[in-house]
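Data first, discussion second: the structure below is written as structure tokens.
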Amino acid sequence: MSDDFDTSDIDNYLGKPMDFSPLREVIAPNDIRRWVHAMHYPNLAHFDPATIAASTWGRLVAPQSFAIATDDGHGAAPACVGKIENSHLLFGGDEWWFHGPRIEPGDVVTNTRVPFDYTVKQTGFGPTCFQRGDNNYSNQKGEEIARQRSTSIRYRAAAGGENVKTDDFEEPEWTDAAQEEMEERRFAWVKMLHDLGNKERWWDDVAVGDQLPERVFGPHSIASFATEWRAYIVNTWGTLDLRKQDLEGLGFTREMAGYENDPEMLKVNPFLTDGAYYGPSRGHLFAKYARRIGMPRGYGYGASMGSWVTDFLSGWAGQHGMVVHSVANYRGPALTGDVTIQTAEVTEKSVDDRGRHLVHVKHLMKNQKGTTMCTGTAEIALPKKVG
């Protein structure tokens, strides 16, 4: 902590459950379909009627990544409480523990949110606060769905613009040939999903050193980021019983805080409550505001990046497998015009104390230039052959 970067107010919130804005209606089938479309996850088991009927579930269920779509803060809320004067915030990563139950139409999802801890380090932004908080998702039956420990990165507002790389202002141009090659690579992963279908991927058949099939998608654009934004249920007017959030109290300036998800302003001028156009989230879609926080142009949502990780791993696991734990550390954003490339390697196999047969992987996300976007590890439960 320095004199002009005071993080002490965070101590007032640690370990104390926060308020939560509940959904006004149950999860609907189109909430799930919209989500997989927006997250670039073309798994037929989550939107195609014939595939759903033949699936291991026999009904429509949401992908594991869907829980975060039900939260009013994209999972970041318990990781950004406490005032840091004139600060900016980025989503820095998350850790997930999945307990088993899937979200499906008719469910009511609640989230118990508890600020966890924080630490201050010196980075390229100067003094930087790495703050963590827990999201505990459960359904109307009291079943625990997942726990997400999110990380926010908070730094001086003045430091953001100083870190913009001006040579990244312009989007890359894709030739027709390069676009076609990228689309072929993208479809290779889609075909893997189709070929696997509802068949088992056996733990016995996986070996240490195996490479998971590459996943490629993009190029990202303002349109694709806006599509992602609209898939988070909170971002549609009236879907949540919103609780008042004091973004200025967190240290954002009024210009940057705006009235995003403000229940009082929603009844006066709802346009001002839309984070796609006003408030701290607009930097994702408008280069002018992206550059104020250190980004060269429109950039993707951290919560979406975490969902890409979960979908990549759970898609490979198939309907009989499940990601049980994952860690994702965000190192760089998805920028407009860039392509995202995901890879992973099997590093270990084990059986845990619950008898689950686990495949351990190290995963990596880069763009077409080789710039690292995300690193992490995960454990994936797969079925074991009998006999």
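Points to keep in mind about this one:
- Positive contributions from Lys and Arg (+1) and negative ones from Asp and Glu (-1), summed over other residues with Cβ under 13 Å from the Cβ of V216, come out at -1.
- The C-alpha atoms of the chain define a longest principal axis, and helix 176-196 lies at about 60 degrees to it.
- Computed from Cα atoms, the angle from the helix 222-231 axis to the main principal axis of the chain rounds to 80 degrees.
- Hz values of 3J(HN,Hα) by residue in region 113-122 - Karplus curve (6.51, -1.76, 1.60), Gly and Pro given as x: 10, 9, x, 10, 6, 7, 8, 10, 9, 8
- Legend: distances between Cα atoms for K141/K267; K141/K349; K349/K384; K121/K362; pairs beyond 23 Å are K141/K267; K141/K349; K121/K362.
- Helix 302-317 and the longest principal axis of the Cα set of the chain meet at an angle near 10°.
- Judged by the mean number of other Cβ atoms found within 10 Å, the most tightly packed of the peptides 91-101, 40-50 leads the ranking 91-101, 40-50.
- Extension reserve of the E25-T166 stretch, reckoned as 0.36 nm per residue once the Cα distance is removed: 46.3 nm
- Theoretical gain in end-to-end length, F187 to D11 [0.36 nm per residue, Cα-Cα removed]: 58.5 nm
- Carbon + sulfur, % of accessible area of the chain - ligands and nucleic acids excluded, 1.4 Å: 51 percent
- Charge sum, other residues only, whose C-beta stays under 9 Å from T343's C-beta, Lys/Arg counted +1 and Asp/Glu -1: 0
- Building the convex hull from the alpha-carbon atoms of region 101-216 and averaging its projection over directions returns 13.7 nm².
- Neighbour net charge for A54 - beta-carbon separation under 15 angstrom, K R +1, D E -1: -1
- Tail fraction, Cα-Cα pairs, region 237-387, threshold 27 Å, whole percent: 44 percent
- Eigen-decomposition of the gyration tensor built on the alpha-carbon atoms of the chain gives equivalent ellipsoid semi-axes of 33, 24, 21 angstrom, largest listed first.
- Rolling a 1.4 Å probe across the protein heavy atoms gives region 69-195 an accessible surface of 46 Å² per residue.
- Remark: region 254-379 carries 36 Å² of accessible area per residue (probe radius 1.4 Å; ligands, DNA and RNA excluded).
- ³J(HN,Hα), Karplus 6.51/-1.76/1.60, whole Hz, each residue of region 270-287, x for Gly, Pro: x, 4, 6, 8, 8, x, 5, 10, 9, x, x, 7, 5, x, 5, 10, 10, 4
The values are calculated or read from the model by the stated rules, or taken from the named source; none is laboratory data. Note that the coordinates shown come from a computational prediction; the quantities given were computed from them, not determined experimentally. Heads up, the Cβs are rebuilt from the backbone with ideal geometry, glycines too, and the neighbour counts pull from every protein chain shown. SASA here: full protein model, heavy atoms, side chains in, ligands and nucleic acids out. Shrake-Rupley method; radii C 1.70, N 1.55, O 1.52, S 1.80 Å.
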